[in-house]
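**Q** Have a look at the structure that comes next, please.
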Amino acid sequence: MQESKELILDELPTSLRGRVLQKMWHLRLGVIGGLIILGLVLTALFCPILSPRDPYQQDITKRLKPPSWMEGGRPENLLGTDHLGRDLLSRIMYGTRVSLTIGISAVLLQVLIGVGLGLLAGYYSGKIDSVISFLVNCMMGFPFILLAMSLVAVLGPSLQNIIIALGLTGWPVFTRVTRIETLRLRDREFVLAATSLAFSTVRILTRHILPNLMPSILVLGTVEVARAIIQESLLSFLGLGIQPPTPSWGVMLAEGRNYMLLQWWLAASPGVAIFFSALGINLLGDALRDLVDPHLRKS
Amino acid sequence: MSQHGELLKVENLKKYFPIRKGLLGKAVDYVHAVDGVSFDIMPGETLGLVGESGCGKSTVGRCLVRLYKPTAGRIEFEGNDIATLSGPELTTLRTRVQMIFQDPYSSLNPRLRVRDIIGEAMRVHHLVDSGGWEERVLELLDAVGLQADHMARYPHEFSGGQRQRIGVARALAMRPRLIVADEPVSALDVSIQAQVINLLESLKEKFDLSYLVIAHDLSVVEHVSDRIAVMYLGRLVELASDRQLYLNPKHPYTEALMTAVPVAAPGGRQRRKERRLLKGDVPNPIHPPSGCRFHTRCAKVTEVCSAEEPLSIEVEPGHLVSCFRYS
């Protein structure tokens, strides 16, 4: 007993200092992440003004040109051209619109379904909880690709249906987190107080429990946006997502696949775009998690 | 009102919590948290309910405000049985019976401002004319000793004692007749405890309240209560006026509780009685001991104690004891 006590006392300041340092480091990275995301959002909003060329304008005579800094590159096509002679940079910029729209909308749908079910499961427990938890476990065990593919196959590939497919497959994580947190809060005295003040269940859930869950949902939400963007490109790559000629990073990746060995920039540019947007969102999510960590907030 | 004008009359209250196991969640056993408790509270009276932790005193309190639904028994409030109420009738009851919670750090929603913590119930239940609720919040803040500029603040900006005052104001917003105070000061610093206790006393007259004060600390209960009920393992063992109970405790368990209270007079008056420490822990309420539940720890145990259950006997007017020594 004595020894373990000393051990804890010795460790505490160091680990706390470590956490504070880690927090500052994460916050700095979070600012970088925030800047990346700001750039993405501005690009998505203003790409008709910002993009150097029309992303749909084909020119067979100038197809498969390398980026401008490479031999044979043209200064007016900064990142080169694709197999139909379209400007790659412009297409990447327009692709931001697709990715952000899908990423954010799909996650909003996931939150709507997942958080709703999680609140019900956590608050009522019993049979409702058993049913919802079973559903969550089934969804988590089911291969995402198969489910999303079947949904898109039934609904038909379009922007809207991809959002629906990603939304209907991604919600279980939100249910898990919400359920556990709701269970934890349900027996807290302020929720008991709300019950004894005769508030309706809807009011207790939305006004007393949900606001206390927002930090966790926010953090999870950012990470899930990154995942949805990657999943969209996966579906588009497989031909089940956005249909050509609409510029989506996944579509561009698929088109670039055939030219991988000689014209590698066709696949590399959308790849880099996916990488940086996912990285930026994850960095921001990490920093948010640190900001809402109650242990650090107290110190 | 019932025959004798009681505000609250509890008869043979029982609350068992099922222990569920297995895939289907079948109840394999029960925790006998409250097992046949009877008492009453008169208008304007403060009843103290004391006992060790785990004896079921909080469960009694939560049954009274219907956070728990009793397993059996009657709870008569203003003449109506409230043990089985639901729907709008339960809502009406809740405007009449309110609760003050133990932990002021967990009993206030950290995401709401004081204005909303206190005022929400008034708006939801239309207890004041629309628009008048902020004024009423100000009145309540004043009544519990807080200032008007506290309205716009969040709970984490307050100390424990101030938070407990906010909790009291929240309960008062419903204009209750009865307030169940579940360990209202046990989470507070000793220096703050007296302030909150005095606040409860002063509010009693101002708002025409009755209290059930639940505590494990006899000195707290002694100060505020008109009568005191002593609880052990789901049962009441003794119920008497505070004077009777302190001068003349009858039940061996009460005696042990009394002598366990430290006397704050070093070198002064001698200790009233020799300290009689209880041996062992409270038995498991899943399988409580047979007969008198206290017989496993009682210093004056006899053979009959483990065989039969003692009945509650009025040894002198208003002094009830459940012990074979008095039958």
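**Q** Any residue at all in region A:141-155 that is over 18 Å from A:ALA228 (Cα atoms), outside any helix (DSSP H, G or I) and either open to solvent by less than 40 Å² (accessible area, probe 1.4 Å) or hydrophobic (A, V, I, L, M, F, W, C) (or both)?
**A** Within region A:141-155, none of the residues are over 18 Å from A:ALA228 (Cα atoms), outside any helix (DSSP H, G or I) and either open to solvent by less than 40 Å² (accessible area, probe 1.4 Å) or hydrophobic (A, V, I, L, M, F, W, C) (or both).
**Q** Consider B:HIS223 carefully, then state whether it is out of contact with any Gly (no Cβ under 6 Å at 6 or more places or on another chain), under 20 Å from B:PRO104 (Cα atoms), open to solvent by 10 Å² or more (accessible area, probe 1.4 Å) and outside any loop (DSSP other than H, G, I, E, B).
**A** In short, no.
**Q** May I ask you to verify whether B:SER38 is open to solvent by 20 Å² or more (accessible area, probe 1.4 Å), under 30 Å from B:GLY280 (Cα atoms), touching a strand residue (DSSP E or B) at 6+ places or on another chain (Cβ under 6 Å) and among the small types (Gly, Ala, Ser)? Lay out the reasoning, then the answer.
**A** On the way: open to solvent by 20 Å² or more (accessible area, probe 1.4 Å): yes; under 30 Å from B:GLY280 (Cα atoms): yes; touching a strand residue (DSSP E or B) at 6+ places or on another chain (Cβ under 6 Å): yes; among the small types (Gly, Ala, Ser): yes.
So B:SER38 fits the description; yes.
**Q** Please go through region A:218-234 and pick out each residue that is over 18 Å from A:GLY34 (Cα atoms) and either of a type in the set (Phe, Trp, Tyr) or surrounded by fewer than 20 Cβ atoms within 10 Å (Cβ to Cβ) (or both).
**A** Matches in region A:218-234: A:ILE230, A:LEU234.
**Q** Considering only residues that are within 13 Å of chain B (Cβ to nearest Cβ), of a type in the set (D, E, K, R) and under 32 Å from the mean Cα position of the chain (by Cα), which ones fall in region A:188-232?
**A** A:ARG188, A:ARG203, A:ARG207
**Q** Residues that are open to solvent by less than 20 Å² (accessible area, probe 1.4 Å), more than 14 Å from chain A (Cβ to nearest Cβ), part of a helix (DSSP H, G or I) and over 18 Å from B:LEU188 (Cα atoms): does region B:145-155 have at least one?
**A** For region B:145-155, residues open to solvent by less than 20 Å² (accessible area, probe 1.4 Å), more than 14 Å from chain A (Cβ to nearest Cβ), part of a helix (DSSP H, G or I) and over 18 Å from B:LEU188 (Cα atoms): present.
**Q** Among the residues of region B:111-139, count how many are touching a residue at least 12 places away in the same chain (Cβ under 8 Å) and acidic (Asp, Glu).
**A** Matching residues across region B:111-139 total 1.
**Q** Scan region A:96-136 for residues that are among the polar types (S, T, N, Q) and within 14 Å of another protein chain (Cβ to nearest Cβ) and jot them down.
**A** From region A:96-136, those among the polar types (S, T, N, Q) are A:96, A:99, A:101, A:105, A:110, A:125, A:130, A:133; that's our starting set.
Matches in region A:96-136: A:SER125, A:SER130, A:SER133.
**Q** While we're here: Are any residues in region B:75-100 within 12 Å of another protein chain (Cβ to nearest Cβ) and touching a residue at least 40 places away in the same chain (Cβ under 8 Å), and if so, which ones?
**A** Pass one, region B:75-100, residues within 12 Å of another protein chain (Cβ to nearest Cβ): B:85-100.
Answer for region B:75-100, where residues must be within 12 Å of another protein chain (Cβ to nearest Cβ) and touching a residue at least 40 places away in the same chain (Cβ under 8 Å): B:ARG94, B:THR95, B:ARG96, B:VAL97, B:GLN98, B:MET99, B:ILE100.
**Q** I'm trying to understand the selection: among the residues of region B:219-253, which are more than 20 Å from B:VAL37 (Cα to Cα) and either of a type in the set (A, V, I, L, M) or out of contact with any strand residue (DSSP E or B) (no Cβ under 6 Å at 6 or more places or on another chain) (or both)? Reasoning before the result, please.
**A** So the first thing to find is which residues in region B:219-253 are more than 20 Å from B:VAL37 (Cα to Cα), and the list is B:219-220, B:222-224, B:243-244, B:246-248.
B:SER219, B:VAL220, B:GLU222, B:HIS223, B:VAL224, B:ARG243, B:TYR246, B:LEU247, B:ASN248 - these are the residues of region B:219-253 that are more than 20 Å from B:VAL37 (Cα to Cα) and either of a type in the set (A, V, I, L, M) or out of contact with any strand residue (DSSP E or B) (no Cβ under 6 Å at 6 or more places or on another chain) (or both).
The values are calculated or read from the model by the stated rules, or taken from the named source; none is laboratory data. Since the model is a prediction, treat every value here as computed from it, not as a measurement. Heads up, the Cβs are rebuilt from the backbone with ideal geometry, glycines too, and the neighbour counts pull from every protein chain shown. These accessible areas exclude ligands, DNA and RNA; they are computed on the full protein's heavy atoms, side chains included. Shrake-Rupley method; radii C 1.70, N 1.55, O 1.52, S 1.80 Å.
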